[in-house]
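The values are calculated or read from the model by the stated rules, or taken from the named source; none is laboratory data. Just so we're clear, the structure is a prediction, and the values are computed from it rather than from any experiment. Using ideal geometry, Cβ is built from the backbone for each residue, glycine included, and neighbour counts are taken over all protein chains shown. These accessible areas exclude ligands, DNA and RNA; they are computed on the full protein's heavy atoms, side chains included. Shrake-Rupley method; radii C 1.70, N 1.55, O 1.52, S 1.80 Å.
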Amino acid sequence: MDKKNIDWENLGFGYIKTDKRYVSQYKNGAWDEGVLTEDDQVVLSECAGVLQYAQTIFEGLKAYTTDDGHIVTFRPDLNGERMEDSARRLEMPVFPKERFVEAVVKTIEANEAFVPPYGSGATLYIRPYMFGSNPVIGVKPADEYQFRVFTTPVGPYFKGGVKPLTICVSDFDRAAPHGTGHIKAGLNYAMSLHAIVSAHKEGYDENMYLDPGSRTKVEETGGANFLFVTKDGTVVTPKSDSILPSITRRSLIYVAEKYLGLKVEEREVLLEEVKDFAECGLCGTAAVISPVGKIVDHGKEICLPSGMSEMGEITKKLYDTLTGIQMGRIEAPEGWIKVIK
């Protein structure tokens, strides 16, 4: 199939309508078979559950062209498992992970012409999501739902190369104790919007959220997990019940241990020990790892030894290894790469 006439190398990280999307309806206690459709419009009652009580969850993953010309996606089964967990927490019907992967594959296949060519720096972003669709006026779960998958080609998260970020310790809480911080619910991201806009106004790239209970431990940012490197080369990631279990973070931990032979620790990370780390990064689907050069805690600057000019040495090795696996330049662990074509 011929590719669309798109300036792949100058794409931004935004929405471009593609040809097909997947839709499945949940009614009378069951999901229907699901269809691919050209219709990108969602028509809802003004009283739909999603509009009244924010009953919506989502996922994000990518498809790309590998070094040897295959179209693949990365660990979609884990996205499916995480969406199952999110659905259970918000009292939504589970869309089984096997069907989730099937829907993702079908949607990528239907939009093959929008998968950017290898070497362009662009990828096809995939957004599966689910929401309550029938009218709900009393505070309760909806009875009907839609599961949908759309795609959009996006450029690299970093334009003009990787530049370490400056972040600030936020006065806001990202999640409540025993709340929904560990699932990918739209309401979590709505809560973070004021905080991120405020941070940007003050000249920071992102927020560092602390644990909502004691406000002494590092949790995550509004859309990514933290990854630290100690001065002796140990990779450390914060452990908490109220942060999202990032698939990228889990993959980087495996890469650190099994590919690079590094020591890894998943544990509580105190804010007071951040000054002692050598490197820091934010890990997520969009950029894999975004390096952090400076953390500001209410006027007190913590400057990482890795600096503000480039990724730290170990962070760069992790980035290069994981992207090498994703792009087919390095052999992947079994089950990590789903070949579409």
When every residue in segment 26-45 that is in a strand (DSSP E or B) and open to solvent by less than 60 Å² (accessible area, probe 1.4 Å) is compared, the one farthest from residue 128 (Cα to Cα) is 30
Taking segment 284-326 and keeping residues more than 18 Å from the chain's Cα centre (by Cα) and in a loop (DSSP other than H, G, I, E, B) leaves 298, 299, 304, 305, 306, 307, 308, 309, 310, 311, 312
Scanning segment 46-74 for residues that are in a loop (DSSP other than H, G, I, E, B) and more than 30 Å from residue 134 (Cβ to Cβ), the one least open to solvent (accessible area, probe 1.4 Å) turns out to be 66
Exercise. Quick check, is residue 261 open to solvent by 60 Å² or more (accessible area, probe 1.4 Å) and part of a loop (DSSP other than H, G, I, E, B)?
Worked result: yes
Restricting attention to segment 95-112, the residues that are open to solvent by 10 Å² or more (accessible area, probe 1.4 Å) and either in contact with a strand residue (DSSP E or B) (Cβ under 9 Å, 6 or more places away or on another chain) or over 16 Å from residue 183 (Cα atoms) (or both) number exactly 10
In segment 165-178, anything open to solvent by less than 20 Å² (accessible area, probe 1.4 Å) and modelled with pLDDT of 95 or more is listed as 167, 168, 169, 170
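Take the residues of segment 10-25 that are open to solvent by less than 30 Å² (accessible area, probe 1.4 Å) and not small (Gly, Ala, Ser): which is modelled with the lowest pLDDT?
11
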Residue set 339, 288, 236; condition under 26 Å from residue 112 (Cα atoms) and either touching a Gly at 6+ places or on another chain (Cβ under 7 Å) or surrounded by 15 or more Cβ atoms within 10 Å (Cβ to Cβ) (or both); output residue 288
